[in-house]
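Enquirer: Structure incoming, see below.
The values are calculated or read from the model by the stated rules, or taken from the named source; none is laboratory data. All of these numbers come straight from a predicted model, not from anything done at the bench. Cβ coordinates were reconstructed from backbone atoms using ideal geometry, including for glycine residues, and neighbour counts include every protein chain displayed.
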Amino acid sequence: MKKGVVFTLGLSLLALTVLSLSITLSSSRDGMESLVYDLVAMERVYNNYQSAASDLRDLVLELSGIEVTVNNNNVLFTEQLPNPQGAIFTNAVNKYYTFSLNNTVDTQLSLNELKTILPLVIESQNVTYKHNSFGGNQIQVRQNSGGVQNYTIIIEADENITNCTYDFPAGNNTLGVTLQLTGNPGNCNDVNYADLAIENNIFINEGAIEITVLAGGDLTIENNFADSIEVTTRIYLIEDYDTVNGVYLPYGLVESSLESYGMVKGGEVQVA
Amino acid sequence: MKNKGYVLTLDAAVSVFIVLTILGYASTLVNDSRVTQWSEYQMLSTGYDITTVLKNNGVLQSMNDSFIEESINSVLSGNYELRLEVTSYRDVDGSLVEVGFMDVGPEVKESELRTHGRSTYVTFAGNLVDTYNAVEFWIWLK
């Protein structure tokens, strides 16, 4: 009789042990299930973001007419000024916005700045190459934290270059400005240093091309000739190579979200 | 003596019943099929990866369905099936107009383990956009 009780109790204890292990396993699965739901949502949000970001990068690289090259300590932007691709690019961005609105409900685009001034940001120096109006006659370089040590501006103009006037008042002249202009005929080649406390200017053909280094070190290049000129703006950065991450479209152009999970993915889109 | 035998047998039967009941319940907990969520993640990830590879290699841009199918089969794991649908739009006189539809892969199978994702890409002709393309994929276990 005693043996039977011991046997029954032993078997019951074994079964209860198995049951408690199963309950533990099951509850840990509940946690994993929630984690996997989150992973699925994150995968969707991430890929929706990447898809739109990749499309915008393609639009910029294929249609903007701007060639971007990242070197060790400098970045080159080459384009025609005014840029003949301006209207084409703007139209393509508008169409992409409509397309995205109809086909990718979880992706939000904010493309107004992209299509109007096409800003390209050098990171991590936070130097922005942009336009007064993309397709217009002015290029602007804005440095927010003094990341530039030299501008080299290479211009090819199919114009008769008759005079180049440099206005770089004496002071604490630290920012290098190199101009290499090839006309047809005529040219200007000179190196000057700008005082960041005041405005400095280069006038070509009495202002047909005007290069301005504003107080603070921002740069403006304006073409008032009737025809386009080719402008290469080489921006030498103060930081060394390790901190030049590349050239990006600004933060906030693309956001992908899943509201039910409270997930939002945004970021900068790298173009070079 | 005979009664003792009955009691013993009854006791054994009751204890076996209790033990089997407990083990059966434990078994349902262990074999819970929530593991399928993990499979959904793996399938979704595979679907997005394949779509990205096809885009990055210019395969989708070719709009050649047999080439796309061949490329999918070369990278898709043998235990999955994938269907891809691409709808193309073009700017016609200022409006986006659907100009093409392409489907690749078997009909979508009604399977418990099935998932679905979307992507987009743009094709170019010279310095103009040719088409804006919306991709949908379905992936499931064979």
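Enquirer: Sort through B:Leu44, B:Leu29, B:Leu96, B:Leu8 and tell me the only one that's among the aliphatic types (A, V, I, L, M), at the interface with another protein chain (Cβ under 8 Å from one of its Cβ atoms), surrounded by 14 or more Cβ atoms within 10 Å (Cβ to Cβ) and closer than 30 Å to A:Thr8 by Cβ. First the steps, then the outcome.
Expert: On the way: B:Leu44 fails: closer than 30 Å to A:Thr8 by Cβ; B:Leu96 fails: closer than 30 Å to A:Thr8 by Cβ; B:Leu8 fails: surrounded by 14 or more Cβ atoms within 10 Å (Cβ to Cβ).
Exactly one of B:Leu44, B:Leu29, B:Leu96, B:Leu8 is among the aliphatic types (A, V, I, L, M), at the interface with another protein chain (Cβ under 8 Å from one of its Cβ atoms), surrounded by 14 or more Cβ atoms within 10 Å (Cβ to Cβ) and closer than 30 Å to A:Thr8 by Cβ, namely B:Leu29.
Enquirer: Then there is this: Looking at segment B:79-93, which of its residues are under 16 Å from B:Ala134 (Cβ atoms), among the hydroxyl-bearing types (Ser, Thr, Tyr) and away from chain A (no Cβ under 14 Å)? Reasoning before the result, please.
Expert: Taking segment B:79-93 and keeping what is under 16 Å from B:Ala134 (Cβ atoms), we get B:83-91.
Next, from what is left, pick out any that are among the hydroxyl-bearing types (Ser, Thr, Tyr): B:87-89.
Residues satisfying the conditions do not exist here.
Enquirer: Mind checking which residues of segment A:1-60 are under 30 Å from B:Phe124 (Cα atoms) and hydrophobic (A, V, I, L, M, F, W, C)? Let's see the steps before the verdict.
Expert: Here is the first cut: in segment A:1-60, the residues under 30 Å from B:Phe124 (Cα atoms) are A:43-60.
Of everything in segment A:1-60, those that are under 30 Å from B:Phe124 (Cα atoms) and hydrophobic (A, V, I, L, M, F, W, C) turn out to be A:Val45, A:Ala52, A:Ala53, A:Leu56, A:Leu59, A:Val60.
Enquirer: Taking the options A:Ala52, A:Ala87, A:Ala15, name whichever one is at pLDDT 95 or above, surrounded by 14 or more Cβ atoms within 10 Å (Cβ to Cβ) and of a type in the set (A, V, I, L, M, F, W, C).
Expert: Details: A:Ala87 fails: surrounded by 14 or more Cβ atoms within 10 Å (Cβ to Cβ); A:Ala15 fails: at pLDDT 95 or above.
Answer to the check: A:Ala52.
Enquirer: Still on this structure: Please determine, by comparing only the residues of segment A:146-180 that are within 19 Å of A:Asn224 (Cα to Cα) and under 28 Å from the mean Cα position of the chain (by Cα), which one is surrounded by the most Cβ atoms within 10 Å (Cβ to Cβ). Working first, answer last.
Expert: Step one: of segment A:146-180, the residues within 19 Å of A:Asn224 (Cα to Cα) are A:153-167, A:179-180.
Those still in the list that are under 28 Å from the mean Cα position of the chain (by Cα) too: A:153-156, A:179-180.
Values: A:Ile153: 21, A:Ile154: 17, A:Ile155: 24, A:Glu156: 17, A:Leu179: 21, A:Gln180: 16.
Checked segment A:146-180; the qualifying residue surrounded by the most Cβ atoms within 10 Å (Cβ to Cβ) is A:Ile155.
Enquirer: Could you list, ordered by first residue, the pairs with Cβ atoms under 7 Å in which the first is in segment A:8-25 and closer than 13 Å to B:Asp11 by Cβ and at the interface with chain B (Cβ under 7 Å from one of its Cβ atoms) and the second is part of a helix (DSSP H, G or I) and at pLDDT below 85, at least 6 apart or interchain?
Expert: Once the first residue is closer than 13 Å to B:Asp11 by Cβ and at the interface with chain B (Cβ under 7 Å from one of its Cβ atoms) and sits in segment A:8-25, its partners that are part of a helix (DSSP H, G or I) and at pLDDT below 85 give A:Thr8/B:Asp11; A:Thr8/B:Ser15; A:Leu11/B:Ser15; A:Leu11/B:Val19; A:Ser12/B:Ser15; A:Ser12/B:Ile18; A:Ser12/B:Val19.
Enquirer: Okay, next question. Would you mention how many residues in segment A:210-223 are of a type in the set (Gly, Ala, Ser) and crowded, with 20+ Cβ neighbours inside 10 Å? If you could, list the steps in order and put the result at the bottom.
Expert: Within segment A:210-223, the first condition is being of a type in the set (Gly, Ala, Ser), and the residues that meet it are A:215-217.
Checking which are crowded, with 20+ Cβ neighbours inside 10 Å leaves us with A:217.
So the answer is 1.
Enquirer: Then there is this: Which of the following residues is in a loop (DSSP other than H, G, I, E, B), among the small types (Gly, Ala, Ser) and in contact (Cβ under 8 Å) with a residue 60 or more places away in the chain: A:Gly207, A:Gly217, A:Gly176?
Expert: Values: A:Gly207 fails: in contact (Cβ under 8 Å) with a residue 60 or more places away in the chain; A:Gly176 fails: in a loop (DSSP other than H, G, I, E, B).
Result of the check over A:Gly207, A:Gly217, A:Gly176: A:Gly217.
Enquirer: Among the residues of segment A:220-272, which ones are part of a loop (DSSP other than H, G, I, E, B) and more than 15 Å from the chain's Cα centre (by Cα)? Outline the logic, then answer.
Expert: Of segment A:220-272, the ones part of a loop (DSSP other than H, G, I, E, B) are A:224-228, A:238-240, A:244-245, A:250-253, A:262, A:267-268, A:271-272.
Correct list: A:Asn224, A:Phe225, A:Ala226, A:Asp227, A:Ser228, A:Ile238, A:Glu239, A:Asp240, A:Gly262.
Enquirer: Only residues that are of a type in the set (D, E, K, R) and in contact with a strand residue (DSSP E or B) (Cβ under 9 Å, 6 or more places away or on another chain): list them for segment B:87-100, please. Let's see the steps before the verdict.
Expert: We begin by selecting, within segment B:87-100, every residue of a type in the set (D, E, K, R); these are B:90-91, B:93, B:98.
Within segment B:87-100, B:Arg90, B:Asp91, B:Glu98 meet the criteria.
Enquirer: Still on this model: For segment B:98-112, does any single residue satisfy the condition of being among the polar types (S, T, N, Q) and closer than 27 Å to A:Met42 by Cα?
Expert: To start, the set of residues in segment B:98-112 that are among the polar types (S, T, N, Q) comprises B:111.
Remaining after also requiring closer than 27 Å to A:Met42 by Cα: B:111.
So far as segment B:98-112 goes, yes, one or more of its residues are among the polar types (S, T, N, Q) and closer than 27 Å to A:Met42 by Cα.
Enquirer: Also, quick follow-up: Scan segment A:217-260 residue by residue and report those that are among the aromatic types (Phe, Trp, Tyr) and closer than 28 Å to A:Asn112 by Cβ.
Expert: Just the residues of segment A:217-260 that are among the aromatic types (Phe, Trp, Tyr), to begin with: A:225, A:236, A:241, A:248, A:251.
Of everything in segment A:217-260, those that are among the aromatic types (Phe, Trp, Tyr) and closer than 28 Å to A:Asn112 by Cβ turn out to be A:Tyr248, A:Tyr251.
Enquirer: Now, a different point. Go through (1) within 13 Å of B:Thr46 (Cα to Cα); (2) loosely packed, with under 13 Cβ neighbours inside 10 Å; (3) among the β-branched types (Val, Ile, Thr) and name the single condition B:Ile139 misses.
Expert: (2)
Enquirer: Now, a different point. Quick check on B:Tyr6: is it at pLDDT below 80, more than 19 Å from the chain's Cα centre (by Cα) and among the aromatic types (Phe, Trp, Tyr)? Give the steps one after another, and end with the answer.
Expert: Numbers: at pLDDT below 80: no; more than 19 Å from the chain's Cα centre (by Cα): yes; among the aromatic types (Phe, Trp, Tyr): yes.
No.
Enquirer: Which numbered condition in (1) more than 15 Å from the chain's Cα centre (by Cα); (2) among the aromatic types (Phe, Trp, Tyr); (3) buried (at least 16 other Cβ atoms within 10 Å of the Cβ) is the only one that B:Tyr80 fails?
Expert: The single condition B:Tyr80 does not satisfy is (1).
Enquirer: For segment A:102-149, how many residues are among the acidic types (Asp, Glu) and touching a Ser or Thr at 6+ places or on another chain (Cβ under 7 Å)?
Expert: Step one: filter segment A:102-149 for residues among the acidic types (Asp, Glu), giving A:106, A:113, A:123.
Checking which are touching a Ser or Thr at 6+ places or on another chain (Cβ under 7 Å) leaves us with A:106.
Total satisfying the criteria: 1.
Enquirer: List the pairs whose first member sits in segment A:32-54 and is without any contact (Cβ under 8 Å) to a residue 60 or more places away in the chain, whose second member is among the β-branched types (Val, Ile, Thr), and whose Cβ atoms are under 7 Å apart, counting only residues at least 6 apart or on separate chains?
Expert: From segment A:32-54, the pairs are A:Ser51/B:Thr120.
Enquirer: Does A:Ala226 meet the test of being surrounded by fewer than 21 Cβ atoms within 10 Å (Cβ to Cβ), free of Cβ contacts under 8 Å to residues at least 12 places away in the same chain, at negative phi and not β-branched (Val, Ile, Thr)?
Expert: On the way: surrounded by fewer than 21 Cβ atoms within 10 Å (Cβ to Cβ): yes; free of Cβ contacts under 8 Å to residues at least 12 places away in the same chain: yes; at negative phi: yes; not β-branched (Val, Ile, Thr): yes.
Yes; evaluated as a whole, the condition is true for this residue.
Enquirer: Considering (1) surrounded by 12 or more Cβ atoms within 10 Å (Cβ to Cβ); (2) at pLDDT 95 or above, say which one B:Val75 fails and leave the rest.
Expert: Only one criterion in (1) surrounded by 12 or more Cβ atoms within 10 Å (Cβ to Cβ); (2) at pLDDT 95 or above is unmet by B:Val75, namely (2).
Enquirer: Would you tally the residues in segment B:101-128 being touching a strand residue (DSSP E or B) at 6+ places or on another chain (Cβ under 7 Å) and within 14 Å of chain A (Cβ to nearest Cβ)?
Expert: Final tally of qualifying residues: 13.
Enquirer: Residue under question is A:Lys3, and the condition is that it be touching a strand residue (DSSP E or B) at 6+ places or on another chain (Cβ under 9 Å) and part of a helix (DSSP H, G or I); does it hold?
Expert: On the way: touching a strand residue (DSSP E or B) at 6+ places or on another chain (Cβ under 9 Å): no; part of a helix (DSSP H, G or I): yes.
No; evaluated as a whole, the condition is false for this residue.
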